[in-house]
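Colleague: Just passing along the structure, written as structure tokens.
The values are calculated or read from the model by the stated rules, or taken from the named source; none is laboratory data. Because the structure is a prediction, the values reported are computed rather than measured. Cβ coordinates were reconstructed from backbone atoms using ideal geometry, including for glycine residues, and neighbour counts include every protein chain displayed.
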Amino acid sequence: MRKIYFDHAATTPVDAGAAELVMQYMTGDFGNPSSMHGFGQAVRNALEEARKQVVAAIGAASVGEIAFCSGGTEANNMAILGAARANKQKGNHIITTAVEHHSVLSTCKYLAKEGFEVTILPVDHYGLVNVEDVARVITNQTILISIMHANNEVGAVMPIAEIGQMLKNLNRKIIFHTDAIQSIGKLPVNVDQLNVDLLTISGHKIYGPTGTGAMYLRRGTWWQPIMYGGGQERRRRPGTENAPAIIGLGKALEIAVANRVAYVKRITKLRDELVDKVLSRIPHVRLNGHPTKRLPGHASFCVEYIEGEAMMLYLDMQGIAVSSGSACTSGTPEPSHVLLAMGIPKELAYGSVRVTLGKYNTREEIDYFVEALTEIVERMRLMSPVAGSNCTPGACVSCSRAENK
Amino acid sequence: MRKIYFDHAATTPVDAGAAELVMQYMTGDFGNPSSMHGFGQAVRNALEEARKQVVAAIGAASVGEIAFCSGGTEANNMAILGAARANKQKGNHIITTAVEHHSVLSTCKYLAKEGFEVTILPVDHYGLVNVEDVARVITNQTILISIMHANNEVGAVMPIAEIGQMLKNLNRKIIFHTDAIQSIGKLPVNVDQLNVDLLTISGHKIYGPTGTGAMYLRRGTWWQPIMYGGGQERRRRPGTENAPAIIGLGKALEIAVANRVAYVKRITKLRDELVDKVLSRIPHVRLNGHPTKRLPGHASFCVEYIEGEAMMLYLDMQGIAVSSGSACTSGTPEPSHVLLAMGIPKELAYGSVRVTLGKYNTREEIDYFVEALTEIVERMRLMSPVAGSNCTPGACVSCSRAENK
Amino acid sequence: MYSEKVMDHFSKPRNVGAIDNADAVGEVGSPSCGDTMKLFLKIKDDRIEDIKFQTLGCGAAIASSSMLTEMAKGKTLDEAIKITNTEVAEALDGLPPKKLHCSNLAADALREAIEAYQASR
Amino acid sequence: MYSEKVMDHFSKPRNVGAIDNADAVGEVGSPSCGDTMKLFLKIKDDRIEDIKFQTLGCGAAIASSSMLTEMAKGKTLDEAIKITNTEVAEALDGLPPKKLHCSNLAADALREAIEAYQASR
Ligand SMILES: Cc1ncc(COP(=O)(O)O)c(C=O)c1O
Ligand SMILES: Cc1ncc(COP(=O)(O)O)c(C=O)c1O
């Protein structure tokens, strides 16, 4: 059967060049980078090259600002727990948004148990946070603000540079973190232009190895680690560095940034075609997120009168991989917290489908997908007790099975 | 130049079969195991196979007791921070030993800042902790005991089963953790025979990929996570699972356990030859650790009148990779905390060298090493202002540069 | 994550559709809670002669509906009303734990339909 | 982690050994703190005619000792006493930060030797 991968926001295949490096450093050129002998030092050198590649990719000032870790989730935990705990004598207020990834949102909520006050900002119906809203909720207790650069579920691109500028103008130090896990390699990401103190990335979203992440920590920012052990990563992240994978991450990042403009052009064009075709062919479908302030290659729809997981599985049976909600939340009966935060009614949110394009997708795959989706939606609506009934989404009776799920 | 790797306690090359699996799941068979489509589910299935391999390797009761994470250090942090914090209403006392890996010792010391009482037990001159010592320091506040199965620096094998049995006889619940990172694949490791509630392993010490670890958590043990995010690993460890590497870990573990007896026999014989030759050829060398209660393939020496790092580098120049102290601590001017805890004087501890054999080492390499070491030690002693002087190690004047390093 | 049986019923659901002039109709759920299910029954001599379903829901919900219709068809009302959601799940070789409670509602719909039918007589 | 210069001096240390009947001797450190260094000087007309070292220490300590002896040889005592540990490290193209303070002691030993020599005259 034909196989089409349209779920690049969930994960990407590792670039061949990067994968070869991983292989090389797992087997022939193995070694512990903390070892002082030749085996170890060769790995150390390659690892430090990767650090330089990260510095170059995000415009950091020096290699001392980069700490590698095991992924985006750990990087976000490090950034938020580490900055909050290290600065708790200065204040206890943290600001984030309702559409953050769980690795940010749950971490902030956990900090509430440690005595922090957490303000979770709403977003507009595009999924965007408002700069003035951020400014308005800042108090003299505010120590940390964490707002994602681009949203994984609806692709909304947040006004990070504007928020960073606003914070700079305040003339007092509030640590600003952005989760750039979805944006890096697709949008320009520069820590000075964005005016952030903490920035996090993940390998497996940019054709690098899973199990790799990096945290940028602006020099001079108070911060403390979340794990304890050896002195690796300048005492910021203990444990034998995952050198093979990190070296692969460096390579993947370098490739991603070097080819970004051409890549973006290609997948934006394909995405726009896909969106046009879906919206024109299939009735009762809405595009989620902002029409222009969105990630290239990213499309999220709500298809009325049907349920997203089933739609996703029917597509899968035809070899097409998309996601319903995000990979991390699928499997839970609740619809995406992002769509709900955007004000999309539950019954519509249940019918969401996310299509995220990547390097190897073709126009022909888009056509195949639109064909398949059209047929599936038709079939599902025939099966649906709601479609065509007088139950307009958004105006339904309240739920008889309530919230006990 | 000839290359000889004698530092398998620091890290091991990834087994070819395991490395191929990593490659396969990084590229062709990639996918996010949380994705419900075919790409994701194929990875999910392979990942769950790896979990079964861990269950089988350590005799766990079910897959629900295994959480994968990014390495030994994270596994130890999860075990200790997670158990301590989750049980702090029951008591605040933690017991560990002076010779634990930093990922245990620093974590316990950090917990002291969170209000826990930490007892750090001494060891005897073999590096072994005494069962009665453990029993004696238990109070009605004791909630957690963390003692390593085998020591990385001197190979000492701790009486874990005996301690476990003693705890069982107490008839009250004290959580017992063992760091089995060095022992798995070399000693029998069975959670029921050892009577432990928490057990941690790391991939890169057993010919598996770096950046992988696993925590065994006995069912019914109170515990909480140390990071927040998606619901992966049954809510024990958020973040996209490093599936390619974990699948490699499962394979490596399976191979290690299946071939353990033959492997141990081989490297024990080689190690014994090496020890005999070193001790008979080179004067003023002592073997650290217990003569029999030690890891197979593991030898640690203190060479009098010379400094270990320099010795290690001279060996490296002849293509031989060994370690002085452990990889994690080398680079700091302090001698190994393990050797010091064993009562070895500082000036002797500075001259330590660790040789850890592995799968591909040969008798011929042993001979080459002994030749090289003999020549290097002679040369270094000629350069040493202490050798031959009347300054007997252990009876030296106190240090003029004191402890300000 | 789904058994082969579930995938079989999901991909080729049996007895999909509505029955005009059905003798009994049962409905559970509501669009704002995810899964909604509607059952249509043709009843003759207290026996289910024909049965059809419409479902808005996930794979588990669709497969449960389909399986339920197969289990109920031909049964007397007294037999059919005893079918439980658990039996439907078992007939499907099990459902993922998360799906057991939220998507496995077909037996409820059937009971509702039968009770309404019996009450109306 | 070490520069090529360091590795060169470490692998082929210059002026290793003791000088019998040395005119001056300087010693720093003690075995229980890791690095110990002993310098032997042959002095003629306030000029260092010959210099040798013995060092128990890490790569940085051995390379610093070796480099120092090269820098000092032939210098007058007044010139030689001005050599600093920093200059030794610079001549080696730098040392790792951790090693700067604990292993780079050769200039101290030289100063000690010269001061003792000058004091004894
Ligand atoms: C915006 C965002 N943040 C964080 C993460 C978590 O990253 P990782 O999967 O590497 O833990 C993801 C992906 O799952 C993401 O899309
Ligand atoms: C006994 C012991 N515990 C913990 C660790 C840490 O494991 P990792 O390097 O996977 O973080 C090591 C190795 O460095 C070890 O030898």
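Colleague: May I ask you to list the residues in the range C:22-44 that are modelled with pLDDT of 95 or more and assigned to a loop (DSSP other than H, G, I, E, B)?
Modeller: The answer is C:ALA22, C:ASP23.
Colleague: If you don't mind, there's one more thing I want to ask. Hey, can you tell me all the residues within the range A:1-50 that are more than 30 Å from A:GLY155 (Cβ to Cβ), part of a loop (DSSP other than H, G, I, E, B) and not acidic (Asp, Glu)?
Modeller: Those that are more than 30 Å from A:GLY155 (Cβ to Cβ), part of a loop (DSSP other than H, G, I, E, B) and not acidic (Asp, Glu): A:THR27, A:GLY28, A:PHE30, A:GLY31, A:ASN32, A:PRO33, A:SER34, A:SER35, A:MET36, A:HIS37.
For (1) of a type in the set (Gly, Ala, Ser); (2) under 22 Å from B:SER300 (Cα atoms); (3) assigned by TED's automatic domain parsing to the domain that holds B:VAL355, each residue gets a yes or a no:
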| position | (1), (2), (3) |
| --- | --- |
| B:THR139 | no, no, no |
| B:LEU144 | no, no, no |
| B:HIS149 | no, yes, no |
| B:VAL154 | no, yes, no |
| B:PRO159 | no, yes, no |
| B:GLY164 | yes, no, no |
| B:LEU170 | no, no, no |
| B:ILE174 | no, no, no |
| B:ASP179 | no, yes, no |
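Colleague: Out of curiosity, is B:LEU382 at the interface with chain D (Cβ under 8 Å from one of its Cβ atoms) and modelled with pLDDT of 90 or more? Before you say what the answer is, go through the steps one by one.
Modeller: Working: at the interface with chain D (Cβ under 8 Å from one of its Cβ atoms): yes; modelled with pLDDT of 90 or more: yes.
Taking the combined requirement at face value, the residue satisfies it.
Colleague: Got at least one residue in the range B:205-222 being without any contact (Cβ under 8 Å) to a residue 40 or more places away in the chain, more than 16 Å from ligand 2 (Cβ to nearest atom) and under 30 Å from B:MET36 (Cβ atoms)? Can you show your working first?
Modeller: Here is the first cut: in the range B:205-222, the residues without any contact (Cβ under 8 Å) to a residue 40 or more places away in the chain are B:220.
Going one step further and asking which of them are more than 16 Å from ligand 2 (Cβ to nearest atom), we end up with B:220.
With under 30 Å from B:MET36 (Cβ atoms) added as a condition, the list becomes none.
No, the conditions are met nowhere in the range B:205-222.
Colleague: Okay, moving on. Those residues that are surrounded by 22 or more Cβ atoms within 10 Å (Cβ to Cβ) and either of a type in the set (Gly, Ala, Ser) or within 14 Å of chain C (Cβ to nearest Cβ) (or both), I need them from the range A:349-373; list them, please.
Modeller: A:ALA349, A:TYR350, A:GLY351, A:SER352, A:VAL353
Colleague: Of the residues A:ILE174, A:ILE143, which is free of Cβ contacts under 8 Å to residues at least 60 places away in the same chain, more than 16 Å from ligand 1 (Cβ to nearest atom) and over 30 Å from A:ILE247 (Cβ atoms)? Step through it out loud before you land on a result.
Modeller: Details: A:ILE143 fails: free of Cβ contacts under 8 Å to residues at least 60 places away in the same chain.
Unique residue meeting the criteria: A:ILE174.
Colleague: Right, next: Of the residues that sit in the range B:30-81 and are among the hydroxyl-bearing types (Ser, Thr, Tyr) and modelled with pLDDT under 95, which one is farthest from ligand 2 (Cβ to nearest atom)?
Modeller: Per the criteria, the residue is B:SER35.
Colleague: Tell me the residue from A:GLY115, A:GLY127 that is outside any helix (DSSP H, G or I), surrounded by fewer than 20 Cβ atoms within 10 Å (Cβ to Cβ) and at positive phi, please. So that I can check it myself, show each step before the final result.
Modeller: On the way: A:GLY127 fails: surrounded by fewer than 20 Cβ atoms within 10 Å (Cβ to Cβ).
It is A:GLY115.
Colleague: Further, regarding this structure: For the range A:82-104, name all the residues that are at the interface with another protein chain (Cβ under 10 Å from one of its Cβ atoms), surrounded by 23 or more Cβ atoms within 10 Å (Cβ to Cβ) and not in a loop (DSSP other than H, G, I, E, B).
Modeller: Looking only at the range A:82-104, we keep the residues that are at the interface with another protein chain (Cβ under 10 Å from one of its Cβ atoms), and these are A:101-104.
Subsequent filtering for residues that are surrounded by 23 or more Cβ atoms within 10 Å (Cβ to Cβ) retains A:101, A:103-104.
Within the range A:82-104, A:SER103, A:VAL104 qualify.
Colleague: Name the single residue, out of those in the range C:90-108 being buried (at least 23 other Cβ atoms within 10 Å of the Cβ) and out of contact with any Cys (no Cβ under 8 Å at 6 or more places or on another chain), that is nearest to the other protein chains (Cβ to nearest Cβ). Write out each step before concluding.
Modeller: Filtering the range C:90-108 down to residues buried (at least 23 other Cβ atoms within 10 Å of the Cβ) leaves C:92, C:95, C:99, C:103-107.
Still in the running and out of contact with any Cys (no Cβ under 8 Å at 6 or more places or on another chain): C:92, C:95, C:104-107.
Details: C:LEU92: 15, C:LEU95: 12, C:ASN104: 12, C:LEU105: 8, C:ALA106: 12, C:ALA107: 14 Å.
Only one residue fits best here, namely C:LEU105.
Colleague: Sticking with this one: Among the helices (runs of 4 or more DSSP H) confined wholly to the range A:201-286, which include 3 or more residues that are surrounded by fewer than 17 Cβ atoms within 10 Å (Cβ to Cβ)?
Modeller: Numbers: elements: A:232-235, A:243-258, A:260-281.
In the range A:201-286, the matching helices (runs of 4 or more DSSP H) lie at A:260-281.
Colleague: Condition (residue is at pLDDT 95 or above and exposed (fewer than 15 other Cβ atoms within 10 Å of the Cβ)) applied to the range C:49-58: is it met by at least one residue?
Modeller: yes
Colleague: In this structure, does B:VAL43 turn out to be touching a residue at least 60 places away in the same chain (Cβ under 8 Å), closer than 23 Å to B:THR240 by Cβ, within 16 Å of ligand 1 (Cβ to nearest atom) and not basic (Lys, Arg)?
Modeller: yes
Colleague: Another question, if that's okay. Would you point out which residue out of C:MET67, C:MET71 is modelled with pLDDT of 95 or more and surrounded by 23 or more Cβ atoms within 10 Å (Cβ to Cβ)? Steps first, please.
Modeller: Numbers: C:MET71 fails: surrounded by 23 or more Cβ atoms within 10 Å (Cβ to Cβ).
Checking each option against the conditions leaves just C:MET67.
Colleague: Looking at B:VAL338, B:VAL355, which is the one that is at pLDDT 95 or above, closer than 25 Å to B:ALA98 by Cβ and not in a helix (DSSP H, G or I)? Walk me through how you get there before you give the answer.
Modeller: Details: B:VAL338 fails: not in a helix (DSSP H, G or I).
Of B:VAL338, B:VAL355, the one residue that is at pLDDT 95 or above, closer than 25 Å to B:ALA98 by Cβ and not in a helix (DSSP H, G or I) is B:VAL355.
Colleague: I need a count of the residues in the range B:186-200 that are outside any loop (DSSP other than H, G, I, E, B), more than 14 Å from chain A (Cβ to nearest Cβ) and either within 11 Å of ligand 2 (Cβ to nearest atom) or more than 20 Å from B:LYS173 (Cα to Cα) (or both).
Modeller: If we filter the range B:186-200 for residues that are outside any loop (DSSP other than H, G, I, E, B), which is where we start, we get B:187, B:191-194, B:198-200.
Those left that are additionally more than 14 Å from chain A (Cβ to nearest Cβ): B:187, B:191-194, B:198-199.
Narrowing further to those that are either within 11 Å of ligand 2 (Cβ to nearest atom) or more than 20 Å from B:LYS173 (Cα to Cα) (or both): B:187.
Residues flagged as outside any loop (DSSP other than H, G, I, E, B), more than 14 Å from chain A (Cβ to nearest Cβ) and either within 11 Å of ligand 2 (Cβ to nearest atom) or more than 20 Å from B:LYS173 (Cα to Cα) (or both) within the range B:186-200 amount to 1.
Colleague: Out of A:VAL338, A:VAL322, A:VAL303, which single residue is buried (at least 24 other Cβ atoms within 10 Å of the Cβ) and either within 12 Å of chain C (Cβ to nearest Cβ) or within 13 Å of C:GLY34 (Cα to Cα) (or both)?
Modeller: On the way: A:VAL338 fails: either within 12 Å of chain C (Cβ to nearest Cβ) or within 13 Å of C:GLY34 (Cα to Cα) (or both); A:VAL322 fails: either within 12 Å of chain C (Cβ to nearest Cβ) or within 13 Å of C:GLY34 (Cα to Cα) (or both).
From the options A:VAL338, A:VAL322, A:VAL303, the qualifying one is A:VAL303.
Colleague: Mind counting the residues in the range B:235-285 that are more than 16 Å from ligand 2 (Cβ to nearest atom), under 30 Å from B:SER62 (Cα atoms) and touching a strand residue (DSSP E or B) at 6+ places or on another chain (Cβ under 7 Å)?
Modeller: 2
Colleague: A follow-up question, please. Name the single residue that is nearest to the other protein chains (Cβ to nearest Cβ) among those in the range B:56-81 being β-branched (Val, Ile, Thr) and under 23 Å from A:GLY71 (Cβ atoms). Talk me through it step by step, then tell me what you get.
Modeller: As a first pass, look at the range B:56-81 and keep what is β-branched (Val, Ile, Thr): B:58, B:63, B:66, B:73, B:80.
From the residues that got through so far, the ones that are under 23 Å from A:GLY71 (Cβ atoms) too are B:63, B:66, B:73, B:80.
Details: B:VAL63: 14, B:ILE66: 17, B:THR73: 3, B:ILE80: 9 Å.
This residue is B:THR73.
Colleague: Further question: Give me a count of the residues in the range A:28-55 that are facing chain B (nearest Cβ under 7 Å) and within 15 Å of A:LEU249 (Cα to Cα).
Modeller: Result for the range A:28-55: 0.
Colleague: Can you tell me which residue is farthest from ligand 2 (Cβ to nearest atom) among those in the range B:135-162 that are more than 13 Å from B:THR97 (Cα to Cα) and within 14 Å of another protein chain (Cβ to nearest Cβ)?
Modeller: B:GLU153
Colleague: Something else now. Looking only at the range D:30-53, count every residue that is over 9 Å from the mean Cα position of the chain (by Cα) and within 14 Å of chain B (Cβ to nearest Cβ) and tell me the total.
Modeller: Matching residues across the range D:30-53 total 8.
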